[in-house]
Amino acid sequence: MKDKISITRFNTGKKPAVISPDPIFFKCKKCGATIIFLKENKSPDICQCCGTAMIRLNPETAGPGSETHLPDYSIIGGYDNNVIKVSIGKKLHPMEEEHFIEWIYLRTFTGGQIKYVNNKKQAEVIFALANEDAYVYCDEDLCQECTFRCKRGFKIYSYCNQHGLWKFEL
C-alpha cells in the first residue's frame with residue numbers, strides 16, 4: 001500500500017521566498033472596527049469609519065510591556081499537518097474582562113491569517129499551514145528551532161485592547 005501524502009504538504013525542496021507584504025492595520029476610534037491593508041496606503045484619510053478617519057496602528061516590538069505582549073509559539077507537524085500554535089495565557093498577558101489580547105494575525109510566506117481569541121483564561125490559537133507556508137526542512141513533530149529556521153520571515157501580530165498592536169518575528 002502506497003503512503004498517502006497530505007494535501008497540505010509542500011513538495012518542493014527549496015525554501016519559498018516571502019511574497020506577502022507586511023499588513024497595515026487601521027482601527028476606528030468609535031466602534032473599534034479593524035481594517036487590514038496588504039499594500040501601503042498612501043492616504044490614511046481613505047480609511048474612514050463612523051464618519052471619521054481611522055487610526056493607523058503602528059506595532060511595538062520591544063520596550064516596556066513587550067515581555068507580556070509578545071506571544072509564545074511552537075511549530076508543530078513536520079512534513080504533514082504543519083501548524084503554528086500561538087499561546088498567550090495568563091503567564092504572558094493578563095486575560096481579564098477589561099484587559100486582553102483581542103486577536104492574533106500570522107503573516108506567512110504567501111499571505112496571512114487572523115484569529116480572534118475567544119478563551120480569555122488560556123488564550124491559544126492554531127494556524128494551519130498549507131502549500132508554500134507549510135515548508136519544513138525535517139519531519140520532526142515539534143520544531144527543534146534548528147539553524148534552518150524554516151519559518152523565518154513569518155511574523156505574529158497581537159492586538160491588546162489596552163496597549164495596542166505588537167509584532168514578533170519568528
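Tabulated data for the structure shown
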| quantity | calculated |
| --- | --- |
| Residues satisfying the stated conditions in the stretch 149-167, i.e. out of contact with any Gly (no Cβ under 8 Å at 6 or more places or on another chain), part of a loop (DSSP other than H, G, I, E, B) and touching a residue at least 60 places away in the same chain (Cβ under 8 Å) | CYS150, LYS151, GLY153, ASN161, GLN162 |
| Leading residue by the ranking (nearest to GLN113 (Cα to Cα)) among those in the stretch 6-28 that are at pLDDT below 90 and among the basic types (Lys, Arg) | ARG9 |
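The values are calculated or read from the model by the stated rules, or taken from the named source; none is laboratory data. As the structure is a computational prediction, the values presented were derived from the model and not from experiment. Reconstructed Cβ throughout: ideal geometry from the backbone, glycine too, with neighbour counts over all protein chains shown.
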